[in-house]
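The values are calculated or read from the model by the stated rules, or taken from the named source; none is laboratory data. Quick caveat: nothing in here was measured; it's all calculated off a predicted structure. Virtual Cβ from ideal backbone geometry, glycine too; neighbours counted across all protein chains shown.
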Amino acid sequence: MLNQFSRTQLLVGPDGINTLLGSRVAVFGIGGVGGYAVEALARSGVGALDLIDDDRVCLTNLNRQLFATRKTVGQYKVDVAEERIVEINPDCTVKKYKTFYMPDTASQFDFSQYDYIIDAIDTVTGKLELITQAKAAGTPIISCMGAGNKMDPTAFEVADIYDTSICPLARVMRRECRKRGIKSLKVVYSKEVPIRPLEDMSISCRMHCICPPGTARKCTERRDIPGSVAFVPSVAGLIIAGEVVKDLVSLGRTK
């Protein structure tokens with residue numbers, strides 16, 4: 001019967017669609033990368049999505065984040081994401097966590113309940129904890145490396161963390177994963193050499209913070225405020241979603 005996933009079914013088959021409809025994916029970080037991944041998964045028919053992010057939409061998010069509009073500024077990103085998911089697929093089960101994922105919040109999650117995990121957060125400590133927990137639970141995970149300070153969306157590649165190069169975040173993650181005995185990790189990373197952002201205090205968040213009231217972690221507290229554009233993190237997010245869909249369908253065929 002013709003339905004909203006019919007065009008996808010022409011590629012993955014009825015069993016593939018049923019696998020996606022029965023899958024539960026957790027997306028940690030609903031920003032420039034994670035937002036586009038969520039959108040693509042909802043449109044692909046993933047039946048349950050867990051959204052984890054404690055941040056609110058900021059005016060400076062409008063240049064690159066899918067869920068950021070003038071209307072949504074000040075709203076929690078997970079709330080805006082849920083509203084859009086329901087408009088795309090009202091049958092999708094959405095669970096929201098207004099949580100900043102770190103070791104002290106990891107106990108909120110049972111990683112064994114997920115069929116796949118997306119790491120789209122930007123703190124090394126949080127990423128390492130998330131990856132460690134996913135590996136311990138035996139749950140597939142894909143992790144995004146640095147997407148800030150980049151201008152070339154064609155420079156992204158999918159690789160194991162130990163096969164990456166150039167990306168500064170990937171270099172740190174290689175070292176830390178090796179220390180923790182993590183033997184492999186699927187990542188999306190860019191081979192583009194990062195651009196050093198301009199030091200323009202007239203548009204700096206450090207001098208002109210406009211974080212919405214109630215924001216728990218303001219930009220002024222960050223060590224670095226990267227530059228970004230609409231067409232780089234979005235591509236990373238779509239690549240991640242594509243890998244998740246292909247892996248889920250492949251895993252479904254082997255069961």
The residue that is farthest from Glu157 (Cα to Cα), considering only those in segment 127-143 that are in contact with a strand residue (DSSP E or B) (Cβ under 7 Å, 6 or more places away or on another chain) and of a type in the set (Ser, Thr, Tyr), is Thr139
Among the residues of segment 133-164, write down those that are free of Cβ contacts under 8 Å to residues at least 60 places away in the same chain and of a type in the set (Lys, Arg).
Lys135
Taking Lys127 as the residue in question, decide whether it is closer than 13 Å to Val27 by Cα and part of a helix (DSSP H, G or I).
yes
Quick test for you: out of Val158, Val172, Val193, Val188, pick the one residue that is of a type in the set (Val, Ile, Thr), closer than 24 Å to Arg64 by Cβ, assigned to a loop (DSSP other than H, G, I, E, B) and modelled with pLDDT of 95 or more.
Val193
Ile121: in a helix (DSSP H, G or I), of a type outside the set (D, E, K, R) and surrounded by 21 or more Cβ atoms within 10 Å (Cβ to Cβ), yes or no?
no
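Residues checked against (1) of a type in the set (S, T, N, Q); (2) touching a Cys at 6+ places or on another chain (Cβ under 7 Å); (3) more than 30 Å from Cys211 (Cα to Cα):
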| position | (1), (2), (3) |
| --- | --- |
| Arg7 | no, no, yes |
| Leu10 | no, no, yes |
| Asp15 | no, no, yes |
| Gly35 | no, no, no |
| Gly47 | no, yes, yes |
| Leu59 | no, no, no |
| Leu66 | no, no, no |
| Gly74 | no, no, no |
Here the residues within segment 105-146 that are in contact with a Ser or Thr (Cβ under 6 Å, 6 or more places away or on another chain), farther than 22 Å from Ser165 by Cα and either at pLDDT below 95 or among the acidic types (Asp, Glu) (or both) are Asp115
Look at Pro233 and say whether it is at pLDDT 95 or above, touching a strand residue (DSSP E or B) at 6+ places or on another chain (Cβ under 9 Å) and within 17 Å of Val57 (Cβ to Cβ).
yes
Name the residue, out of Tyr36, Tyr76, that is crowded, with 24+ Cβ neighbours inside 10 Å and out of contact with any His (no Cβ under 6 Å at 6 or more places or on another chain).
Tyr36
Subset of segment 171-186, residues under 12 Å from Thr132 (Cα atoms) and out of contact with any strand residue (DSSP E or B) (no Cβ under 9 Å at 6 or more places or on another chain), comes to Glu176, Cys177, Arg178, Lys179, Arg180, Gly181, Ile182, Lys183
